[in-house]
Amino acid sequence: MEGPNIYESFGLRLSALRRERGLSQQALAHALSVTRQAVSNWERGQTTPDLGTMEALCRLLNVDWNRLCGGEPLPARRRLPVPALAAGAALLVLAAALFPRTPPAGGESSASWDGYRGQVLRSHLTTVTESGPDGPRKQAARALAELLASLDGEGPVPLTPELRQAFDLAAEACAFLFLPACEEGVFEDRDDVLTWLYRGLSRGGPMTEEQTDRWLSAWFGASVRWTHGSTEHYTLEDGRYWPESAWGGSCAYTLEALERREDGGFWARLGLSETDGTGAPLPERTLTLSLTAEEGQICFSSVAWEEPAE
């Protein structure tokens with residue numbers, strides 16, 4: 001018998017929680033800087049928001065991931081404290097939506113693929129219960145780093161289902177869609193840097209100067225160049241960066257090529273298929289990364305975007 005549709009379950013919950021708080025679809029859309037049609041699509045199970053927008057929804061509706069994503073019954077109006085394990089289970093439900101129920105083409109057996117999927121999802125639960133809401137991001141990056149570190153040799157790397165899925169999960173969880181162009185520790189655009197930190201690492205909240213320094217050092221190396229100050233879209237006030245607006249849309253990632261360099265680092269190319277807040281497709285882009293994977297941490301030495309030809 002076919003199991004419940006996770007997208008439909010999320011949509012029904014979102015609709016119930018929105019109505020419970022007396023919000024129209026238009027009001028919720030305005031608060032998230034997306035279109036009313038995008039909210040309607042979520043509630044009808046046509047599409048789902050990205051992880052950053054999910055977090056914004058939790059804040060706006062004053063609920064945790066567990067209640068929004070399916071781990072807690074909806075009828076009660078009063079919110080009760082939710083154990084960390086239950087919250088982790090709700091994130092497992094959400095993360096499961098990112099994985100196909102059958103193995104992708106390429107000869108990988110169903111048992112092997114299901115085992116790998118289960119291993120990654122169990123890792124999500126462990127990290128969430130130990131590390132709080134940042135767990136999925138940290139664990140997705142760590143899983144990719146450990147998988148890359150296990151590879152030997154030089155030159156092109158076969159694109160196994162494990163590699164494709166690990167890149168896809170890390171790219172989704174850590175918002176590679178917003179990675180700022182960078183070469184040898186120098187960023188092209190300060191707004192792009194803050195947008196990635198906001199969407200990929202801060203869980204949608206204001207970022208302190210200390211957090212910004214720590215994240216940039218971890219992800220781009222200790223030699224990264226960054227001077228604090230307000231930008232066009234981010235205001236630095238009382239030591240915190242405050243964003244101007246949120247982003248609505250979705251993105252699918254495809255690992256197109258991966259090479260291991262002589263120095264042990266990697267070169268990767270990912271294709272991105274994006275939609276805007278209305279669900280309309282955007283021109284496809286290509287992301288090229290030079291990175292290392294050591295001690296469970298991904299570190300970028302260069303990030304380059306190839307925009308579609310006009």
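For region 34-46, which residues satisfy the criterion of being outside any helix (DSSP H, G or I) and open to solvent by 60 Å² or more (accessible area, probe 1.4 Å)?
Correct list: Arg44, Gln46.
Which one is nearest to Pro180 (Cα to Cα), of the residues in region 288-302 that are in contact with an Asp or Glu (Cβ under 8 Å, 6 or more places away or on another chain) and in contact (Cβ under 8 Å) with a residue 40 or more places away in the chain?
The extreme case among them is Ser302.
Please count how many residues of region 265-278 are among the charged types (D, E, K, R), closer than 20 Å to Asp168 by Cβ and open to solvent by 40 Å² or more (accessible area, probe 1.4 Å).
Selection size over region 265-278: 1.
Could you tell me which numbered condition Arg18 fails, if it satisfies all but one of (1) more than 21 Å from Phe178 (Cα to Cα); (2) not in a helix (DSSP H, G or I)?
With respect to (1) more than 21 Å from Phe178 (Cα to Cα); (2) not in a helix (DSSP H, G or I), Arg18 is out only on (2).
For the subset of region 279-304 comprising residues that are within 30 Å of Asn41 (Cα to Cα), out of contact with any Pro (no Cβ under 9 Å at 6 or more places or on another chain) and open to solvent by less than 60 Å² (accessible area, probe 1.4 Å), which member is modelled with the lowest pLDDT?
Gly279
Output the residue which, of all residues in region 246-278 that are modelled with pLDDT of 90 or more and among the acidic types (Asp, Glu), is farthest from Ala149 (Cα to Cα).
Ranking the candidates gives Glu256 first.
Pick out the one residue from Thr227, Thr254 that is open to solvent by 50 Å² or more (accessible area, probe 1.4 Å) and assigned to a strand (DSSP E or B).
Just one listed residue meets the conditions, Thr254.
Table: residues versus (1) at pLDDT below 80; (2) more than 22 Å from Asp276 (Cβ to Cβ).
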| position | (1), (2) |
| --- | --- |
| Arg13 | no, yes |
| Ala16 | no, yes |
| Trp42 | no, no |
| Glu55 | yes, no |
| Asn62 | no, yes |
| Trp65 | yes, yes |
| Leu74 | yes, yes |
| Pro81 | yes, yes |
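In region 9-22, which residues are open to solvent by 60 Å² or more (accessible area, probe 1.4 Å) and closer than 15 Å to Asn62 by Cβ?
Correct list: Arg19, Arg21, Gly22.
Which one is modelled with the highest pLDDT, of the residues in region 187-223 that are in a loop (DSSP other than H, G, I, E, B) and open to solvent by less than 30 Å² (accessible area, probe 1.4 Å)?
Among residues in region 187-223 that are in a loop (DSSP other than H, G, I, E, B) and open to solvent by less than 30 Å² (accessible area, probe 1.4 Å), the one modelled with the highest pLDDT is Gly221.
I need a count of the residues in region 47-65 that are in contact with a helix residue (DSSP H, G or I) (Cβ under 9 Å, 6 or more places away or on another chain) and assigned to a helix (DSSP H, G or I).
Adding up the residues that qualify gives 11.
The values are calculated or read from the model by the stated rules, or taken from the named source; none is laboratory data. Every value quoted in this text rests on a predicted model; they were computed, and no experiment measured them. Positions of Cβ are generated from backbone atoms using ideal geometry, with glycine treated the same way; all protein chains shown enter the neighbour counts. These accessible areas exclude ligands, DNA and RNA; they are computed on the full protein's heavy atoms, side chains included. Shrake-Rupley method; radii C 1.70, N 1.55, O 1.52, S 1.80 Å.
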